[in-house]
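These notes are about the structure you will find just below.
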Amino acid sequence: MNNASRPPLLVIAGPTASGKSQLAMETAEALDGEIVSADAFAIYRGMDIGTDKPPVEDRLRVPHHLIDIADPRETFSAGAFAEAATAAIARIESRGKTPIVAGGTHFWIRALVVGLFPAPPRDPEVGVRLATQWEADPGAVFRRLEAIDPDAAGRIGARDRQRILRALEVFELTGEPLTSHWRRHQARARFDPLYVAPNLDRHELYDKIGARANRLFSSGLVEEVERILASGVPHDAHALKAIGYREVVEMLRGQCDLETAIENTIRASRNFAKRQLTWLRRLRDGTVHWVAPAGDGGEPAVIGLWHQHTKGRQGQ
């Protein structure tokens, strides 16, 4: 595959609470760019506090795309994101601006850059059986996935019911684990990506995760979830599976108190960060360039990498 024949794309990824949004802001201002959000839950309207969306003043300074475009009653898929993001990138480039994809939903980023492999159609009978098994013992179902496809289990995590059951369904229908399908997938990449991510010490990252969770709760996360539920969004909606929202729903249903909800949010966020870091280390579509955080030299480092990545492409 000839990378030079594909359009370059700047992707600022990284684990939750690592400061990638601020790094994207600084980079976008330096490059006269616009940001395409790759956050699977910032896409939903009304979910502002828990997703830690960029403040309005930031969105006035730098245009942001794919934020607040879906109703939380809906489920927005990776394929829908890839289609919408590709269109947004084209519009940004048509204005002579630099598109910058920024976010931590790495499966969506891969769907945008590489495309999705043609998975087998769903089998309702298998789906119902797996869902019943999940209701009876979610832990046992996840351990089965770990035994069949440890790589997929590591990427997905133990609480993502939808993706766990789909991975097991693909295995039952094809006799191959999901990871094998991905590795064999030879779809032509749409872009030549430059991946960059803020580099934080693990302890510093965990401190930021804890501080972020406490800030979100003190900023009104519980009240936000109450408003969402009062608007008619069911408690089991996909949008409310987001970290923080899920824990608040559990609290509101009497399954835990506020202190436990905050602790569970911090724990889930740390586990999610571990999975995000694993994805970046195992990236198959390119190399991640780790840079200093925003405000500590990250932005000029990204600019230098971007100029090097795009060198010689003018006039192609």
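General remarks:
- Some residue of region 94-102 being among the small types (G, A, S) and in contact with a helix residue (DSSP H, G or I) (Cβ under 8 Å, 6 or more places away or on another chain): yes
- Region 11-53, subset assigned to a loop (DSSP other than H, G, I, E, B) and over 27 Å from V114 (Cα atoms), residue farthest from the chain's Cα centre (by Cα): G46
- Matching helices (runs of 4 or more DSSP H) fully within region 84-160 where at least 2 residues are of a type in the set (A, V, I, L, M) and more than 17 Å from L66 (Cβ to Cβ): 124-136, 138-148, 150-156
- Of the listed requirements (1) crowded, with 16+ Cβ neighbours inside 10 Å; (2) within 29 Å of F171 (Cβ to Cβ), V128 misses just one: (1).
- Unique match (being of a type in the set (G, A, S), assigned to a helix (DSSP H, G or I), crowded, with 17+ Cβ neighbours inside 10 Å and in contact (Cβ under 8 Å) with a residue 60 or more places away in the chain) among A239, A213: A239
- With respect to the conditions (1) loosely packed, with under 15 Cβ neighbours inside 10 Å; (2) modelled with pLDDT of 90 or more; (3) under 21 Å from the mean Cα position of the chain (by Cα), H203 lacks only one, and its number is (3).
- Residue that is surrounded by the fewest Cβ atoms within 10 Å (Cβ to Cβ) [pool: residues in region 87-106 that are in contact (Cβ under 8 Å) with a residue 60 or more places away in the chain and under 24 Å from A239 (Cα atoms)]: T105
- A Cβ distance below 7 Å, combined with a sequence gap of six or more or placement on separate chains, defines the contacts here; from region 37-64, residues that are under 12 Å from A102 (Cβ atoms) reach residues that are of a type in the set (K, R) in the pairs A42/K53.
- Of everything in region 179-199 that is outside any strand (DSSP E or B) and modelled with pLDDT of 90 or more, the residue that is surrounded by the most Cβ atoms within 10 Å (Cβ to Cβ) is F191.
- Restricting attention to region 266-297 and to residues that are at pLDDT 90 or above and over 23 Å from G210 (Cβ atoms), the residue that is surrounded by the most Cβ atoms within 10 Å (Cβ to Cβ) turns out to be V291.
- Residues (closer than 23 Å to T265 by Cα and not β-branched (V, I, T)) located in region 147-164: A152, A153, G154, R155, G157, A158, R159, D160, R161, Q162, R163
The values are calculated or read from the model by the stated rules, or taken from the named source; none is laboratory data. Quick caveat, the model's predicted, so the values are computed rather than measured. Backbone-built Cβ (ideal geometry, glycine too); neighbour counts: all protein chains shown.
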